[in-house]
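The values are calculated or read from the model by the stated rules, or taken from the named source; none is laboratory data. Here the structure is a predicted model, which is why all the values come from computation and not from measurement. We place every Cβ from the backbone using ideal geometry, glycine too, and count neighbours over all the protein chains shown.
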Amino acid sequence: MAEKELHLVIVTGMSGAGKTVAIQSFEDLGYFTIDNMPPALVPKFLQLLETTKDNDKLALVVDMRSRSFFAEIQQVLDEVESNPSLDFKILFLDAADKELVARYKETRRSHPLAADGRILDGIKLERELLAPLKNMSQNVVDTTDLTPRGLRKAIAEQFSNHSSQESFRIEVVSFGFKYGLPLDADLVFDVRFLPNPYYQPELRNQTGLDQGVYDYVMKSPESQNFYQHLLGLIEPILPGYKKEGKSVLTIAVGCTGGQHRSVAFGQRLADDLAKNWPVNASHRDKDRRKETVNRS
């Protein structure tokens, strides 16, 4: 049997049960995601996606916000299930009535089926209407006692696999302080106290990726000592970030101009962390040049 080409997850369930968190979780897992997809558009969108081949994983939120939901959903599901090129699953999110009422009161939103009535009336009506769909669902998650982090973990456990994008990865970026801090940095380390290759004429126009610059930066005792302390600080805390549900941890290493010291340190750190974690290294200001004196 040929392997199915497209993995499709339709996310649905009770209003207020966590579909927004769920669709963000699928995005972190490498899925192409769309929120509030009208059921009638699902087959047409799948046809369009099959011609692009840009992504083989798709997650769609289909729920009560679409007024044609109940009139169209069953026909759409039948059509999707009959498509032999689809690996199709339904994720149904549920929660206890008491918890759903509390969530609506906290956000001060009205239930889509409550109209001018009580929130609980809308919840009970929605539960009754969604019962057949819940029975069809291959994956049902009760979010009553789940935090957003707990829901993300549950989705990752059910829908991630070895071939999919890792649910936690590390971005190591080098930068120059003279050009500003990276806006998305979680951890920032300053290496401007280390010996500066800029003052060596033969190294001035090279970068920390060149062997001569790398060796110059790393050969000093203070560089070796700092790097070992830096690695010893970062490695033990990474499991904690992953456990707390963080999908991307950005570690920034900066020097003055972002050409020499930060590049060498950032690349070495990325190479060492990559032995145990998915890591991407980038050097924001490595090739940046200005007419002013560049003391990186």
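Tabulated data
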read-out: Those residues of the range 235-290 which are closer than 13 Å to Arg169 by Cβ, in a loop (DSSP other than H, G, I, E, B) and more than 17 Å from the chain's Cα centre (by Cα), in sequence order; value: Ala274, Asn276
read-out: Subset of the range 206-228 (residues that are farther than 13 Å from Pro195 by Cα and aliphatic (A, V, I, L, M)); value: Leu209
read-out: Qualifying residues in the range 194-234 (those that are in a helix (DSSP H, G or I) and more than 17 Å from Leu269 (Cβ to Cβ)) - the one farthest from the chain's Cα centre (by Cα); value: Tyr199
read-out: Criterion (touching a residue at least 12 places away in the same chain (Cβ under 8 Å), among the charged types (D, E, K, R) and over 16 Å from Lys286 (Cβ atoms)) met by exactly one of Asp186, Asp215; value: Asp186
read-out: The range 16-35: number of residues that are outside any helix (DSSP H, G or I) and more than 13 Å from the chain's Cα centre (by Cα); value: 5
read-out: Selected residue [touching a strand residue (DSSP E or B) at 6+ places or on another chain (Cβ under 6 Å) and of a type in the set (Lys, Arg)] from Lys124, Lys153, Lys178, Lys134; value: Lys134
read-out: Qualifying position, being modelled with pLDDT of 95 or more, within 14 Å of Val217 (Cα to Cα) and not charged (D, E, K, R), among Leu269, Leu273; value: Leu269
read-out: Pair list, Cβ under 6 Å, 6 or more apart: the range 249-262 residue in the same structural domain as Asp184 (by TED's automatic domain parsing) and surrounded by 24 or more Cβ atoms within 10 Å (Cβ to Cβ), other residue of a type in the set (Ser, Thr, Tyr) and assigned to a strand (DSSP E or B); value: Val253/Ser174; Gly258/Ser174; Ser262/Ser174
